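Every number here is computed from the coordinates shown, using simple stated rules; none is lab data. Not measured: the values here are computed from a predicted model. Virtual Cβ from ideal backbone geometry, glycine too; neighbours counted across all protein chains shown.
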Amino acid sequence: MPRIALIHATPLSMAPIEAAFRTHWPDAVLAHLLDGSLSQDLARDGALTPAMTARFEALGNYVVGCGASAILFTCSAFGPCIERVAQAHAPIPVLKPNEAMIDEALKHGRRIGLVATFAPTFASMRPEFAAAAPDAELVTAHAEGAMEALAAGDAATHDARIAEAAATLGHCDVIALAQFSMARARAAAAAASGRKVLTTPASAVAALKARLQA
């Protein structure tokens, strides 16, 4: 069976992606790698740096050396760094966390609502949407305090903040939840917005399975 390397910038992403694999591809062999300082350092620096790119390249080299058949990054704010890893290890599939979800979202329309709990994600994802569909309109909403609430064990507040943010995007064709850790709030966001809500883990697992079984 394929060995999928999952590289995380926060432990909050680990349970959602495991749940998605259990549902959509239970036979895949998973290998987790966590660098919990990545998000902290990006928030401190305010932008991606050459040093950050080098760290991602080192992470990619490590998991490929361990026999990874594919790499899925679950950290949404590091798109350019992930692109460097993909270039270095082609033809091994290397997926950005939101790559598959963006493709799926664009099947539902051109006005896409995007909710994130980590604000720097927006700066990384805008170019990704623009590259996939220059005519798409991205409408964003920051669920402020949601990530901190989840890290503190307050899942109810986390979900409520996401639902509040999603409710402001009811005029969009579809709503996407940017962080893997947000997947648990999908039903609440859909109920608050009245729109279809996509999550990154489900889209990513389906895309990886299709690529490796083609």
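How big is the C-alpha Rg of the chain next to the rule-of-thumb value 2.2 N^0.38 Å, as a ratio?
The value comes to 0.96.
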>> Give me, ordered by chain and number, the residues 5 or more places off LEU114 or on other chains with an amide H under 5 Å from its own placed amide H.
In response: VAL139, THR140, ALA141, ALA176
> Once a ≥ b ≥ c are taken as the square roots of the eigenvalues of the Cα gyration tensor of segment 70-155, is the result rounded (a/c under 1.5), prolate (a/b larger than b/c) or oblate (a/b not larger than b/c)?
Replying inline: oblate
> What is the projected area of the convex hull of the Cα atoms of segment 1-45, averaged over all directions, in nm²?
Replying inline: 3.2
> Working out 0.36 nm times the residue gap between VAL29 and ALA58, then minus their Cα-Cα distance, what length gain in nm do you get to one decimal?
Replying inline: 8.3 nm
> For ALA190, what is the net charge nearby, where nearby means another residue's Cβ is under 12 Å from its Cβ and Lys, Arg count +1, Asp, Glu -1?
Replying inline: +2
>> Can you tell me, using C-alpha contacts under 8 Å and at least 6 residues apart, the relative contact order of the chain as a whole percent?
In response: 23
> Mind checking Rg over Rh on segment 167-206, alpha carbons, Kirkwood formula for Rh?
Replying inline: 0.96
> Simple spin-label model, 7 Å along Cα-to-Cβ: HIS171 to ALA51 in nm?
Replying inline: 4.3
>> Using a Debye calculation, one point per C-alpha and no hydration shell, please list log10 I(q)/I(0) for segment 99-199 at q = 0.15 Å⁻¹ in order.
In response: -0.51
> Considering only the other residues whose Cβ falls under 13 Å of the Cβ of GLY79, what net charge follows from Lys and Arg at +1 and Asp and Glu at -1?
Replying inline: 0
> In whole Hz, what ³J(HN,Hα) sequence does segment 156-169 give by Karplus (6.51, -1.76, 1.60; θ = phi - 60°), x for Gly and Pro?
Replying inline: 5, 5, 3, 5, 5, 5, 5, 4, 4, 5, 5, 4, 7, 10
> Which distance in Å, rounded to a whole number, links the C-alpha centroids of segment 18-61 and segment 105-158?
Replying inline: 18
> Lys/Arg Cβ at +1, Asp/Glu Cβ at -1, dipole of the chain taken about the Cα centre: which of VAL63, ALA167, PRO26 is farthest positive-ward?
Replying inline: PRO26
>> To the nearest 20 Debye, how big is the dipole of segment 47-118 about its Cα centre, given +1 on the beta carbon of each Lys and Arg and -1 on that of each Asp and Glu?
In response: 180
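Given Cα pairs under 8 Å that are at least 6 residues apart, what percent is the relative contact order of segment 99-199? Walk me through the numbers before you get to the answer.
Working: 190 pairs, mean separation 31.9, N = 101.
Dividing the mean separation by the residue count of segment 99-199 yields 32 percent.
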> So between ARG44 and ALA214, what do we pick up on full extension, going 0.36 nm a residue minus the alpha carbon distance?
Replying inline: 57.1 nm
> If you place +1 on the Cβ of every Lys and Arg, -1 on the Cβ of every Asp and Glu, and leave all else neutral, what size is the dipole of the chain about its Cα centre, to the nearest 20 Debye?
Replying inline: 400
> Which FRET efficiency value, to the nearest 0.05, do you get for ALA151 and GLU83 by plugging their Cβ-Cβ distance into 1/(1 + (r/R0)^6) with R0 = 25 Å?
Replying inline: 0.35
> For CYS66 and ALA187 in the same chain, what is the full-extension length gain: residue separation times 0.36 nm, less their Cα-Cα distance, in nm?
Replying inline: 39.9 nm
